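Since the structure comes first, as structure tokens, the remarks are kept for the end.
The values are calculated or read from the model by the stated rules, or taken from the named source; none is laboratory data. Everything numeric here is computed off the predicted structure, so don't read it as measured data. In this analysis, Cβ positions are derived from the backbone assuming ideal geometry, glycine residues included, and neighbour counts consider all displayed protein chains. Surface accessibility is based on the protein's heavy atoms, side chains included, excluding ligands, DNA and RNA. Shrake-Rupley method; radii C 1.70, N 1.55, O 1.52, S 1.80 Å.
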Amino acid sequence: MTFEEFVHSRGAALVRFARLLTGDEHRADDLVQEVLAKAFVQWRRVSAAERPDVYVRRMLVNANTSWWRRRSSGEVTVALVAAPTAAPDIGVAVAERDALWRMVLALPVRQRAVLVLRYYEDLDDVAIAEILGCSAVTVRTTAMRALTTLRARHQPSSSRSVS
């Protein structure tokens, strides 16, 4: 498979994955562009891998983690600073989904990556472990911790007290 064929067939899925991983569509587009540029340079090695898609997804996860670790990064994601709020007439379901998504964005990068790969990309623990460079047990533990954190932070609207 050539690089052009790979980008044509998997490009949209990579952008979708990056958007879910970063929570910011513009940062995701930049991240995918950056990773595909690196993949192009080393395409011979990438295409020689058993599953090039997994290799590139791993590059995306690593690039996202590296971006967050850079202290010199002065970029601030718009989604974290001033996320749009749902209009009151749209309904409670949209507001709760937005609140849940913000809680997902507040998770550590690795926990968020596991949840995105598992629930949005519908990958099994072995594939996630391969992408993240860890064991399947670590994937399950990370997912359990992420879900526990989300459950602890989540308060359904019916249980909230109104003063």
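Things worth noting here:
- If only residues of the range 107-128 that are open to solvent by less than 60 Å² (accessible area, probe 1.4 Å), assigned to a helix (DSSP H, G or I) and among the hydrophobic types (A, V, I, L, M, F, W, C) are counted, the one that is nearest to Leu150 (Cα to Cα) is Leu115.
- Restricting the first member to the range 85-97 and to residues that are surrounded by 12 or more Cβ atoms within 10 Å (Cβ to Cβ), and the second to residues that are of a type outside the set (A, V, I, L, M) and at pLDDT 75 or above, the beta-carbon pairs closer than 6 Å and six or more apart or on different chains are Ala86/Asp98.
- Being more than 20 Å from the chain's Cα centre (by Cα), part of a helix (DSSP H, G or I) and modelled with pLDDT under 80 holds for only one residue in Ala79, Ala152, Ala93, Ala86, and it is Ala93.
- Taken over the range 57-76, the criterion of being touching a Phe, Trp or Tyr at 6+ places or on another chain (Cβ under 8 Å) and at pLDDT 90 or above is satisfied by Arg57, Leu60.
- In the range 129-149, the residues that are outside any helix (DSSP H, G or I) and either open to solvent by 60 Å² or more (accessible area, probe 1.4 Å) or not polar (S, T, N, Q) (or both): Gly133, Cys134
- Scanning the range 19-35 for residues that are crowded, with 18+ Cβ neighbours inside 10 Å and in a helix (DSSP H, G or I) gives Arg19, Leu20, Leu21, Thr22, Arg27, Ala28, Leu31, Val32, Val35.
- Leu14 vs. criteria in a helix (DSSP H, G or I) and either in contact with a strand residue (DSSP E or B) (Cβ under 7 Å, 6 or more places away or on another chain) or modelled with pLDDT under 90 (or both): no
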